[in-house]
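Structure record follows, encoded as structure tokens.
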Amino acid sequence: SFANTFNTSYLTYQGGMSGLTIGHSSNTGGVTVGSATTIAGPVTVYGGALAINASLTSTDTISLKGTTITDGASGYITADKLALLSGAVTLDNPSNSINTLAASGVGAMTYVNAGALTIGTVNPTGITATGDVRIETLMGDLTIAQNVTTMSTTANAVLLNAGKSTAAGTATGGNIII
């Protein structure tokens, strides 16, 4: 494990990187994405508290495993697929832009996507949580292609919202497709 929070703002990436892994599966030290990071391949980040405080972009899949996973005011994720593998998740930056989302072993989960989004298969499949699950698109459809399950019994246990930023009745605003 990292003894102190590992911050990517001290890293310089060379062109042509085809993948990036930070930490290892048993890492409990914090990790901060503190500088814009673009990788032409998969990205995996393991840690305790994961803070996405700058853009994190992959042409493939981003996998995040931590005790908490958050994005800051300037932090957002762009990728084909996003796998959330543990922790309490709050990724609500309006610039988040992925195509397919899946989560397993998460507590409470909030995810906001700029455009259309599919809850599908990434590895894991679908969403499995122990707390409330809130998934929203600002514009575009929200397609539920796999199960969304939670142990939560609250009135807001599962909240799905497509086209949050568009007026009700707008034909291109967003639909929930099951």
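Okay, here's what the table says:
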item	result
Using θ = phi - 60° and Karplus 6.51 cos²θ - 1.76 cosθ + 1.60, couplings along segment 17-32 (whole Hz; Gly, Pro as x)	5, 9, x, 8, 10, 10, x, 9, 4, 9, 5, 10, x, x, 9, 10
The chain, relative contact order [Cα under 8 Å, separation at least 6], %	12 percent
Choice from V148, V43, V31 with maximal GNM fluctuation in the chain (Cα, 10 Å cutoff)	V148
Extension gain (nm, one decimal) between T67 and S165, 0.36 nm per residue minus Cα-Cα	32.3 nm
Amide H contacts under 5 Å for G107, placed H, 5+ residues apart	G87, A88, V89, T130
Derived scalar couplings ³J(HN,Hα) [segment 142-153; Karplus, 6.51 cos²θ - 1.76 cosθ + 1.60; whole Hz; x for Gly, Pro]	10, 9, 9, 8, 9, 5, 10, 10, 8, 8, 5, 10
Rg over Rh [alpha-carbon atoms, Kirkwood Rh] for segment 129-178	1.03
Overall Cα dimensions of the chain, principal axis frame, Å, largest first	48, 34, 26
Hz values of 3J(HN,Hα) by residue in segment 155-165 - Karplus curve (6.51, -1.76, 1.60), Gly and Pro given as x	5, 10, 4, 9, 10, 10, 9, 9, x, 4, 8
Carbon/sulfur fraction of accessible area - segment 85-173, other protein chains in place, 1.4 Å, %	51 percent
Amide H within-cut-off set for Y76, under 5 Å, with H built and near neighbours excluded	A54, S55, L56
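The values are calculated or read from the model by the stated rules, or taken from the named source; none is laboratory data. Only a predicted model underlies this, so the values are computations on that prediction, with no experimental measurement involved. All accessible areas refer to the heavy atoms of the entire protein, side chains included, with ligands and DNA or RNA removed. Shrake-Rupley method; radii C 1.70, N 1.55, O 1.52, S 1.80 Å.
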